[in-house]
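Everything on this sheet refers to the single structure shown next.
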Amino acid sequence: NAGVMQNPRHLVRRRGQEARLRCSPMKGHSHVYWYRQLPEEGLKFMVYLQKENIIDESGMPKERFSAEFPKEGPSILRIQQVVRGDSAAYFCASSPRGPIYEQYFGPGTRLTVT
Amino acid sequence: TQLLEQSPQFLSIQEGENLTVYCNSSSVFSSLQWYRQEPGEGPVLLVTVVTGGEVKKLKRLTFQFGDARKDSSLHITAAQPGDTGLYLCAGAPGTASKLTFGTGTRLQVTL
């Protein structure tokens with residue numbers, strides 16, 4: 001049973017470009033979460049989605065960031081007009097139950113904005 | 001204000017030593033989870049503790065949930081270099097609808 005998959009593992013973007021991060025949850029998991037981790041810091045919740053629905057986006061910056069989890073295909077975290085401060089590791093997690101239970105993480109996408 | 005405070009923040013020990021990592025809060029949690037994250041990778045779930053006073057063992061790792069369900073500890077016996085990593089506790093306090101992660105303890109085990 002494959003784990004949570006994320007791609008790309010590394011992404012380099014120039015300031016002003018768009019970054020698209022993809023996440024495929026574990027088979028049978030319908031709950032997907034995105035977290036951001038800055039160097040030497042902990043995990044910060046960004047957004048919680050179920051198929052075709054955003055359940056909680058309280059941790060997502062109001063501008064430039066959006067997320068989706070379509071009926072078919074992976075979940076996408078999109079960052080428009082990236083700035084240097086967006087450089088971080090972005091982790092996706094999935095779970096078979098709701099958001100207060102065990103979550104299974106992908107290997108992350110390391111975004112570098114130059 | 002951090003809901004989950006972990007201590008110590010950093011720990012460097014030699015192979016064979018024992019250590020304890022603490023995860024503390026003023027809030028009550030229905031359950032707490034422990035994860036280990038190695039450099040360049042995502043966190044990996046180690047254990048979930050649910051019942052106040054519960055003790056769970058995973059080989060050389062012993063996890064305990066406080067009686068009041070406000071704190072937890074992780075004890076590692078005879079640490080090995082493979083235990084090196086960032087240890088994170090996580091839980092949903094009270095009626096919260098999402099996980100909060102602790103501040104993390106970065107462990108380095110040297111030969």
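Taking θ = phi - 60°, what integer Hz values does the Karplus form 6.51 cos²θ - 1.76 cosθ + 1.60 yield along segment A:29-44, in sequence order, with x for Gly and Pro?
9, 10, 10, 10, 10, 10, 10, 10, 10, 8, x, 6, 10, x, 7, 10
Straight-line reach from B:LYS98: which aspartates and glutamates fall under 13 Å, measuring Cα to Cα and dropping same-chain residues less than 8 apart?
A:ASP56, A:GLU57, A:GLU102
Which value results when the Cα radius of gyration for chain B is divided by 2.2 N^0.38 Å?
Working: Rg = 13.3 Å, N = 111, 2.2 N^0.38 = 13.2 Å.
Against the empirical 2.2 N^0.38 Å value, I get 1.01 for chain B.
Restricting attention to segment B:24-76, which trypsin sites (Lys or Arg not before Pro) occupy a DSSP loop and are surrounded by at most 10 other Cβ atoms within 10 Å?
Details: sites: B:ARG36, B:LYS56, B:LYS57, B:LYS59, B:ARG60, B:ARG69, B:LYS70; in loops: B:LYS59, B:ARG60, B:ARG69, B:LYS70.
In loop regions of segment B:24-76 (DSSP not H, G, I, E or B), the sparsely surrounded trypsin sites (Lys or Arg not before Pro) are B:LYS59.
Within chain A, how many Lys pairs sit with Cα atoms under 16 Å apart, leaving out pairs fewer than 8 places apart on the same chain?
4
Compute, for the protein assembly as shown, the length of the dipole vector about the Cα centre, with Cβ point charges of +1 (Lys, Arg) and -1 (Asp, Glu) only. Units Debye, rounded to 20.
Taking the Cα centre of the protein assembly as shown as origin, the dipole is about 620 debye.
Place +1 on the Cβ of every Lys and Arg and -1 on the Cβ of every Asp and Glu in chain B, take the dipole about the Cα centre, and give the residue among B:SER73, B:GLN9, B:THR48 whose Cα lies farthest towards its positive end.
Ranked along the dipole, the leading option is B:THR48.
If you split all Cα-Cα distances of chain A into 5 Å bins from zero, what percentages do you get per bin, shortest first?
Percent of pairs per bin, in order: 2, 13, 24, 27, 20, 10, 4, 1.
What longest range of chain A stays clear of loop-exposed GluC sites (Glu not before Pro) (DSSP non-H/G/I/E/B, at most 11 other C-beta within 10 angstrom)?
Numbers: sites that count: A:GLU18, A:GLU40, A:GLU52, A:GLU63, A:GLU72.
Value returned for the longest uninterrupted segment is A:73-114.
Rounded to whole Hz and in sequence order, give me ³J(HN,Hα) for segment A:73-90 from the Karplus expression 6.51 cos²θ - 1.76 cosθ + 1.60, θ = phi - 60°, writing x for Gly and Pro.
x, x, 7, 10, 10, 10, 10, 8, 6, 4, 10, 4, x, 7, 4, 5, 9, 10
Excluding residues on the same chain fewer than 8 positions from B:LYS70, give the aspartates and glutamates whose Cα lies under 14 Å from its Cα.
Cα-Cα hits under 14 Å: B:GLU5, B:GLU54.
Just how many % of Cα pairs in the protein assembly as shown lie over 32 Å apart, if you round to the nearest whole percent?
Everything past 32 Å amounts to 19 percent.
Bear in mind these aren't lab numbers, they're just calculated from the coordinates by the rules spelled out. These numbers were taken from a predicted model, which means no experiment stands behind them. When we count neighbours, we look across all protein chains shown, and the Cβ atoms used for this are built from the backbone with ideal geometry, even at glycine.
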